[in-house]
Structure formats: structure tokens, C-alpha cells
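The values are calculated or read from the model by the stated rules, or taken from the named source; none is laboratory data. Predicted model, so just to flag it, every value in this text is computed and none were measured. Every residue, glycine as well, gets a Cβ built from its backbone with ideal geometry; the counts of neighbours run over all protein chains shown. Ligands, DNA and RNA are stripped out before the accessible areas are found, and what is left, the full protein with its side chains, is counted by its heavy atoms. Shrake-Rupley method; radii C 1.70, N 1.55, O 1.52, S 1.80 Å.
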Amino acid sequence: MHDKYFQDAFTGVRSSADKFKNKVLAEAASNIADLFTLDELKGKAQTVFAEGVEQVNLLRGLSANDLIEIEENELLQKVIVGNQDVDIASLIEQLGNSDWVQQGRQYHQKDPTTCPFCQQTTVADFAKSLDEFFSDAYDNDIEALQQLATRYQISSEQLQAAIQSNLEQGNQFLNDELYSAEAQTLVERLNGNKAKPTVKLEEPSRKIELEPIKPLLDKLCYLVRVANEATSAHNLTVSNLTIEKQKLTSQVWRYVLCELDEDLCQYQATKNRLTQTILGMEQSLRTKKEQVRE
């Protein structure tokens with residue numbers, strides 16, 4: 001009873017081993033799949049053979065062309081001063097602060113009879129001279145500067161919203177930790193830049209320079225691009241799961257064959273040697289039989 005049980009079990013094991021051997025030999029003769037590492041195959045298997053696998057939404061692209069254009073605007077470096085042909089221009093130049101005079105002009109418009117600087121009574125021509133000093137060209141530059149500040153504010157908020165949206169999306173292929181760190185650096189620079197046009201509005205004669213955001217933005221765009229490439233590959237796999245399963249199976253066999261390469265070579269060499277021996281023995285047998293017949 002026991003002998004029969006062990007004999008049946010051994011026969012089953014030998015049969016399974018023979019099937020595996022035949023499968024290995026068949027794959028070795030025909031498998032031309034690409035070779036991947038074990039970790040790469042495991043990563044593919046998590047998608048191809050996972051239950052309930054779904055497609056993943058692509059991340060939003062990040063663009064800041066308007067912000068970069070504002071950084072390079074010549075108005076930020078322009079010394080905005082009044083009309084130098086007006087009679088009070090030399091006085092303002094001696095004071096060395098047209099921005100201070102411009103601020104005082106706002107108070108004088110509220111009380112045209114009193115000098116905002118010395119509190120003395122002013123003549124009618126004083127207001128006219130101030131208006132002529134701060135000419136239309138001056139006012140146009142100030143208005144353009146205000147528009148730049150507004151544009152930078154709006155574009156900055158839009159970019160920050162896009163950055164945050166990508167984080168909240170939960171894309172499994174995005175390096176969240178690195179992306180968050182780079183995003184924080186960029187946001188801090190944007191916030192610092194947003195305050196600078198306001199400073200120039202208060203002091204139009206002052207030159208200002210915005211910190212460039214492109215190097216920081218490029219790092220974020222690279223992380224988004226890498227994540228989207230992986231996302232697209234994942235979505236393509238999900239769309240063709242049956243084909244991808246067959247392909248991955250062949251790739252796994254290719255990996256197994258690579259691991260068994262030394263054993264297969266030894267097996268083939270032994271097989272060739274034994275085959276030649278058998279052929280020699282068969283030829284010898286035929287020769288002996290012929291001799292017997294003779």
C-alpha cells in the first residue's frame with residue numbers, strides 16, 4: 001500500500017519535472033522577448049496581474065511664460081522720473097528724491113493751497129509745475145508698472161494652483177517628496193518677486209530685479225514629464241492587458257532562461273555528446289548485423 005503510494009507520487013513528480021524541462025527547452029529554442037531585471041518584472045506584474053487595475057490621469061503641464069516675460073521687462077530697470085524741462089525740476093533733482101515729491105503731490109491735490117513739504121501757502125503755479133513735472137509719460141510708465149504687478153500676481157497664483165493640483169491628484173508615478181520640496185522653493189521665490197513691483201510703485205526711480213523662476217520651474221517640469229511618461233505606459237498596458245500578460249509571461253521566461261544559461265549550456269553539451277555516442281553505437285550495430293548476415 002505504502003510502496004504504491006510512493007511510486008505514484010514519484011511518477012507525478014517526475015512527470016511535472018519532465019513538463020518543466022520540455023517547457024524550458026521549448027522556450028530556449030523560440031523565446032526572443034526583451035530581457036528585464038527581476039525588479040522590473042515585478043513592477044510590470046503589479047500592473048498587469050493586479051486586480052481592479054485602472055487608468056491614471058495625466059498630471060497638468062506647468063507653464064510660466066507670462067512670469068518669465070515680466071522678469072525680462074525693461075520697465076523694472078527703468079528709472080522713472082518726471083519731466084526735466086519744468087522749472088521745479090532742478091529743485092527736485094537737488095532733493096534727490098522724486099518719489100518723495102510724487103507722494104507729497106497726492107497730499108497737495110487734496111489741499112492745493114498748502115505745500116505738503118513745508119506747510120507754507122503755495123501759489124497756483126506750484127500745482128501746475130508739479131503736474132507738468134509728472135507728465136503723461138511718467139503716468140503711463142506708472143500705469144504700465146501697475147499692470148505688470150497685477151499680471152505677475154495673477155499668473156503667480158495660477159501657477160501655484162497648477163502645482164498644488166498635481167500634488168492633490170495623487171498620481172502614483174510622481175515623486176511626491178521631491179516634487180513638494182521643489183515646489184516649496186519655487187513658491188517662496190514667487191512670493192518674494194510679487195512684493196518687488198509694489199516697492200517700485202512706491203519708488204519709481206528705483207531699479208528692481210526679479211529672481212528668475214525658470215531653473216526652479218524646469219525641475220518641476222522634469223518630475224511631471226517623468227511621471228506622465230510612466231503614466232502613459234501604465235495606461236497603455238491597462239488598455240491591452242491580455243496582450244501585455246502574454247508579453248510579460250514571455251519576458252519572465254526570458255529571465256528564467258538567462259538564469260539557467262550555464263545549466264542549459266551544460267545540458268546541451270551533454271546531450272550532444274550522448275547523441276554522438278548513440279549514433280556511433282547504432283552505426284556499429286548496423287555494421288555487426290551486416291557482418292552476421294554475410
Test each condition in (1) basic (K, R); (2) assigned to a helix (DSSP H, G or I); (3) under 25 Å from Q146 (Cα atoms) for K219 and report the one that comes out false.
(3)
Restricting the search to segment 194-211, which residues are within 18 Å of L67 (Cβ to Cβ) and in contact with an Asp or Glu (Cβ under 6 Å, 6 or more places away or on another chain)?
L210
Answer yes or no as to whether S98 is more than 30 Å from A195 (Cα to Cα), of a type in the set (S, T, N, Q) and either open to solvent by less than 100 Å² (accessible area, probe 1.4 Å) or modelled with pLDDT of 85 or more (or both).
no
Conditions (1) within 11 Å of the chain's Cα centre (by Cα); (2) among the charged types (D, E, K, R); (3) under 24 Å from V79 (Cα atoms) -> E202 fails only (1)
Output the helices (runs of 4 or more DSSP H) that fall wholly within segment 3-95 and possess 3 or more residues being under 30 Å from D261 (Cβ atoms), at pLDDT 80 or above and under 47 Å from the mean Cα position of the chain (by Cα), or say none.
38-48
Under 9 Å between Cβ atoms, at least 6 apart or on separate chains: pull out the pairs that start in segment 219-248 with a residue that is over 19 Å from E40 (Cα atoms) and end on any residue that is among the β-branched types (V, I, T) and outside any loop (DSSP other than H, G, I, E, B).
K219/T185; L220/I163
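Every residue, every condition in (1) surrounded by 13 or more Cβ atoms within 10 Å (Cβ to Cβ); (2) under 24 Å from L58 (Cβ atoms), yes or no:
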site	(1), (2)
Y179	yes, yes
A195	no, no
T198	yes, no
E203	yes, no
A227	yes, yes
N235	yes, yes
W253	yes, no
D261	no, no
Taking the criterion of being touching a Phe, Trp or Tyr at 6+ places or on another chain (Cβ under 8 Å) and surrounded by 13 or more Cβ atoms within 10 Å (Cβ to Cβ), would at least one residue in segment 211-220 satisfy it?
yes
Looking only at segment 115-134, decide whether some residue is in a helix (DSSP H, G or I), at pLDDT below 60, of a type in the set (A, V, I, L, M) and touching a Phe, Trp or Tyr at 6+ places or on another chain (Cβ under 7 Å).
no
Within segment 180-219, tally of residues that are within 12 Å of Q160 (Cβ to Cβ) and in contact with a Ser or Thr (Cβ under 7 Å, 6 or more places away or on another chain):
2
Working only within segment 169-192, note down all residues that are in a loop (DSSP other than H, G, I, E, B) and in contact (Cβ under 8 Å) with a residue 12 or more places away in the chain.
N171, Q172, F173, L174, N175
